[in-house]
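No lab work stands behind these numbers, since they all come straight from the coordinates. These figures come from a predicted structure and were not determined experimentally. Ideal geometry is used to build each Cβ from the backbone, glycine not excepted, and the neighbour counts take in all protein chains shown.
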Amino acid sequence: MYGLEPILETMLNVSIVIPAWNEQERINDCLLNATRQTVMPHEVIVVDNRSTDSTVAVVEQFMKDHPESAGEAAASG
């Protein structure tokens with residue numbers, strides 16, 4: 001594949017940004033799907049928009065239950 005190698009290297013370094021507002025019922029499945037890709041994303045960022053449900057707690061629990069996927073975490077809101 002002449003000339004495609006630099007493009008493929010760039011494509012494999014992907015960040016996934018998940019906007020969330022009151023997504024406690026769906027965020028766990030979303031995170032599972034994001035972290036079970038054929039090629040692991042460089043990072044998965046959940047941006048919580050001041051949810052009034054337990055979205056943040058679900059994300060924090062996901063990070064505890066899946067430390068191999070959690071990496072470094074930061075809260076945003």
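Amide H to amide H, with H built 1.01 Å from N, residue 53 comes under 5 Å of 22, counting only residues 5 or more places away or on other chains.
Taking amide H atoms as placed 1.01 Å from N in the peptide plane, the amide H of residue 46 lies under 5 Å from those of 18, each 5 or more residues away in sequence or on another chain.
Derived scalar couplings between HN and Hα for the range 27-41 equal 5, 4, 4, 4, 5, 4, 5, 5, 9, 10, 6, 4, 10, 4, x Hz in order, rounded to whole Hz, by the Karplus curve 6.51 cos²θ - 1.76 cosθ + 1.60 (θ = phi - 60°), x for Gly and Pro.
Among 60, 68, sorting on how many other beta-carbon atoms sit within 10 Å of each Cβ, with the fewest leading, yields 68, 60.
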